[in-house]
Structure formats: C-alpha cells, structure tokens
Amino acid sequence: MQFIDKAEIMDVDGIRRALVRIAHEIVEKNKGLDDVVLVGIRRRGVPLARRIGDILKDSENFDVPVGELDITLYRDDLSLKFEQPHVGRTMLPFDVEGKVVVLVDDVLFTGRTVRAALDAIIDLGRPACIQLAVLVDRGHREIPIRADYVGKNVPTSRREVIHVRLEEYDGIEQVVISEEAQE
Amino acid sequence: MSLRGNDLLSLREMSPEDMELVLSTARSLKEILSRPIKKVPTLRGKVVCTLFYEPSTRTKTSFELAARYMSADAVSFSSASSSVKKGESLADTARNLTMMGIDLAIMRHSVSGSCHFLAKVLDIPVVNAGDGMNEHPTQALLDIFTILDYKSRIRGLKVAIIGDILHSRVARSNIFGLTKMGAEVCVAGPSTLLPPDIERLGVKAYTRPEEAIEGADVVYVLRLQLERQAKSLFPSKREYRDFFGIDRHRLSYAKDDAIVMHPGPMNRGVEITTDIADSPRSVILDQVTSGVAVRMAILYLILGGWD
C-alpha cells in the first residue's frame, strides 16, 4: 500500500514539547516518581519511553527504570495478518509487582494494542496500577480504553494513517497524517 | 520467509533464512522460561499431538512443554500402549488422530523418511522429531541456538562432530544446518561408523578425533549407540573410549574457549568422560533449555494465526 503524506502535525520541537509535558504530568499525577516504571511498547513506544525517562532524569534528578514490551504473543488479530509479525524481545529489567507502570506507545487508535499490552504486563506480575501515555490519540476506539497522558489529540478519518517517525528508526523526527494513495 | 502452515521435516530442505527466523524468534521467546508464570496465550485453542514410535526423554517432554507454555494443548500418543500393537498402520493411526481435531503432528519414528510420508498423508503440518538415520532438525536448531549463545556467530566457526556419524540423525541435521550457516564442520569416528561419501556433504572426515578437534570452537560428542555393538561395528565400549572418547587430553586439541556439546542421553565414561561432561566448558544442560525455546518458536511460526 502506498501512502501520501497530507500534513505534518508535529515536528521535532512539537514531539519534544509533548514528551516534556507528559513527563511533568506523570510526576504531578503520581505525586513523585517512587515506584514509577516506564514500559515502551515495541517498536516506537520504546524510544519514546526512553526519552521520557531522560527528561525525568534531567528535571527531577530521578532514575526511572525503562523496559521494553513486545505484544506480538498477545495480539487478537494474528490470524487476520497476512504477514506473521516478528516476535520481538520483552525486556523488563525490574519486577512490575506493586509498581506504577506507565505504558508508552506512539499512537492510540483502536485500543487493541493496549489491550494486548495490559495482558502482557499482568502476566508478568501485579502492578499497583497501570497508566497509559501516547504521543498521538487519533480516536476510533473499538474497546473501552483511554490514555492518561496524551501528546496531541488528532481527529482523523478511518482512511487516514498517522505515521510517527523517530530518529532511532526513521532518521527523521515528525508526525504526519497520510492517506492511502488512490489508484 | 514464513513457516506458517508448513511442515518442518529436515534442515536439508530448510532455507538459511527460515533457520534464522526460528533462531531469532526463539531468542525472543526464551524470556518466557524465566517468568514466574510460564505461559503466553498465543496458541490458545490449538492442539498438538506427539507421536513417538521410539523412546525419548528430552525431545518429547520438550515439545509438550513448549506447546503448553504457548497455551496449546498437547496430547501424546505412544506406540507401546496403542492400537499399533494391534497392527494399525501409521497412516491410519495418524488420520484418525487428525479427525479428532489436532492441528499439528510431531513424530519420531525409527524409519528414515517416515515423517515425509506422514506429511504427504496428512493435511496438517508435521514436525520431524527424529526419523531413523535421516534427520533430527529441531535438535540441530537448538544446538545452533546454543552455539550462538556462547559464540554469537556461526560463520567461520570450526565444529568437530565426534562419534557414530553413520547412524546419527543428529549429526546429519547439524551438518546441513551448520554448513548452511557458514561453519566449517569436521567429523571423526571409527571408519565402520563413517559413511564413505560423507565429505560430499561439505565436511572433512577423519578417523583420528584429534585431527578433527584441532583448533575447534565447538566439540560435539555423539552418543555411542550401544545397540550397534551387536553388529560388530566396533569391538568394545572400552576400545571406543580409548580411541574416540572425549577426555581432557583430546579436548586440549580444541581452542581454549571451545565448548562441549552432547545431544543426550550420555554414556558417561564411554564417549565422554564425567569430568568433561560436568566441566564449565560443557553446555550440555544449556542445550536442553534452548530446546524448549526453539520448539516454542517452531510451534509459533507454524501454528501462530494459522487455520
């Protein structure tokens, strides 16, 4: 499928400011950072979680543990996927038991990825609570899930796609809204 | 590049890309084995059946645990307590089991090629868990996975396989797999247990183990199949030990950081001395853990999302 970029909705500064704000909201909401851990959902949630961790280190002088979560094994759409998704590694260098787990992902859409991530986390232990941070919320939820921290709310049509491009994977920093090319 | 819905019958027929896919998936899945609750829901509702027409401790248990850790149901069939004793043919037994709704069959059989036969008869995927003197592909994949754990690469490594090359499906699968991934493979054994045309598989063959082991990164010790002694293929266990057994002295020909492997079950004091088997250079128990991760990966890649 070919996609055509329609508009850039965040640039490098926009992404950075959104993450700074999310980081501050995490501190505010949890009245500090004791027991807070950040868990990035593979793939693009991982660099975002690391960046929030770095911001918290700078602003609060607090080392928040950061982990990586792969949700492939928990997906509900494996049989619908034409290409079998590659199973990435889950690496949580901490125990989630009793922790405040902040899940981090790039785009919140149907909510199914987050549903899978919740199951994956709960399989690893019983956190005190789980919160959700996303860079972009584009709507169209299919299950009752909402984010605690949102970088930007972007109303979209279902035909549109949000592409989050990050230095780590794409060599560029931007969030664009694009649409499937017409034949 | 996909194993979805396919059989896994041999490494001779497997592409290096598919082998890499199994190995990298197993690398990710290994983490599940260290969890307090070793279970992911991925293969819920799938049923795998192990058909073992030959004895096995590791392979059968390893497959069944792998299935359960992925939430598939595992049922087992053993020839000793079944209608095989009443003369039912392999094809009939397997067709009947399929009609009960199994999604994948894992078979070990003493006849070479029997898994290929089963794959032709059945519509569901078949995984070879060892067929006669032909292949044992999942063993070789777990061996390669274990070597990667210690050496981080296969290309350019020298692997010496010592023992009964003639009857060993483990040796054959490892030869196919390791050479495809770029290792240099040397084999050594008594001339009665070395196939005369073995070098056509791209390996170097020796009758003195020291020559094969010289400079090796991996020393792979095969089980001496004691039942072969009855056929006069080697004179005695003691003589085999004296000329081919892996002990401190023979191992000294390998690199200083060489690892020692064995597919089990071991005849301690015959093909390998106890001090080597239990030494820090032995990765024999790591092979067993790798086996579960590799088989989880294989089940996921074949059955995951496949109807």
Restricting attention to the range A:49-84, and to residues there that are open to solvent by less than 50 Å² (accessible area, probe 1.4 Å) and in contact with a Phe, Trp or Tyr (Cβ under 8 Å, 6 or more places away or on another chain), which single residue is farthest from residue A:110 (Cα to Cα)?
A:56
With the requirement that a residue be open to solvent by less than 10 Å² (accessible area, probe 1.4 Å) and part of a loop (DSSP other than H, G, I, E, B), what does the range B:61-73 give you?
B:70, B:72
Does residue B:58 satisfy the condition of being touching a residue at least 12 places away in the same chain (Cβ under 8 Å), open to solvent by less than 40 Å² (accessible area, probe 1.4 Å), away from chain A (no Cβ under 14 Å) and out of contact with any His (no Cβ under 6 Å at 6 or more places or on another chain)?
no
Residues B:26, B:66, B:72: which one is modelled with pLDDT of 95 or more, within 14 Å of another protein chain (Cβ to nearest Cβ) and over 19 Å from residue B:139 (Cβ atoms)?
B:72
Subset tally (residues that are closer than 14 Å to residue B:98 by Cβ and either within 14 Å of chain A (Cβ to nearest Cβ) or open to solvent by 60 Å² or more (accessible area, probe 1.4 Å) (or both)) for the range B:42-55
1
Got a sec? Which of A:18, A:23 is within 21 Å of residue A:175 (Cα to Cα), free of Cβ contacts under 8 Å to residues at least 60 places away in the same chain and open to solvent by less than 10 Å² (accessible area, probe 1.4 Å)?
A:23
For the range A:85-94, how many residues are more than 8 Å from chain B (Cβ to nearest Cβ) and surrounded by 13 or more Cβ atoms within 10 Å (Cβ to Cβ)?
3
Pairs with Cβ under 6 Å, 6+ apart, first in the range B:129-143 and farther than 23 Å from residue B:20 by Cβ, second hydrophobic (A, V, I, L, M, F, W, C):
B:131/B:115; B:132/B:111
With hydroxyl-bearing (Ser, Thr, Tyr) and over 30 Å from residue B:14 (Cα atoms) as the only criterion, which of B:300, B:253, B:220 stands out?
B:253
Quick test of your reading of the structure: residue B:76 fulfils all but one of (1) outside any helix (DSSP H, G or I); (2) hydroxyl-bearing (Ser, Thr, Tyr); (3) surrounded by 15 or more Cβ atoms within 10 Å (Cβ to Cβ). Name the failing condition by number.
(3)
Filter result (among the basic types (Lys, Arg), within 24 Å of residue A:91 (Cα to Cα) and touching a residue at least 60 places away in the same chain (Cβ under 8 Å)) within the range A:26-44
A:43, A:44
Could you grab me the full set of residues in the range B:223-248 that are more than 15 Å from residue B:192 (Cα to Cα) and either crowded, with 16+ Cβ neighbours inside 10 Å or touching a helix residue (DSSP H, G or I) at 6+ places or on another chain (Cβ under 9 Å) (or both)?
B:223, B:241, B:245, B:246, B:247, B:248
Please enumerate the residues belonging to the range B:1-22 that are in contact with an Asp or Glu (Cβ under 8 Å, 6 or more places away or on another chain), open to solvent by less than 20 Å² (accessible area, probe 1.4 Å) and within 14 Å of chain A (Cβ to nearest Cβ).
B:3
Taking the options A:150, A:176, A:164, name whichever one is more than 20 Å from residue A:102 (Cα to Cα), open to solvent by less than 50 Å² (accessible area, probe 1.4 Å) and among the β-branched types (Val, Ile, Thr).
A:176
Among the listed residues B:296, B:266, which satisfies the condition of being among the hydrophobic types (A, V, I, L, M, F, W, C) and surrounded by fewer than 19 Cβ atoms within 10 Å (Cβ to Cβ)?
B:266
Of the residues in the range A:27-48 that are part of a helix (DSSP H, G or I) and not basic (Lys, Arg), the one that is farthest from residue A:105 (Cα to Cα) is A:28
Mind listing whichever residues of the range B:29-41 are hydrophobic (A, V, I, L, M, F, W, C), open to solvent by 10 Å² or more (accessible area, probe 1.4 Å) and within 11 Å of chain A (Cβ to nearest Cβ)?
B:37
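The values are calculated or read from the model by the stated rules, or taken from the named source; none is laboratory data. Note that the coordinates shown come from a computational prediction; the quantities given were computed from them, not determined experimentally. Cβ: placed from backbone, ideal geometry, glycine included. Neighbour counts: every protein chain shown. The area values use the complete protein model at the heavy-atom level, side chains included, leaving out ligands, DNA and RNA. Shrake-Rupley method; radii C 1.70, N 1.55, O 1.52, S 1.80 Å.
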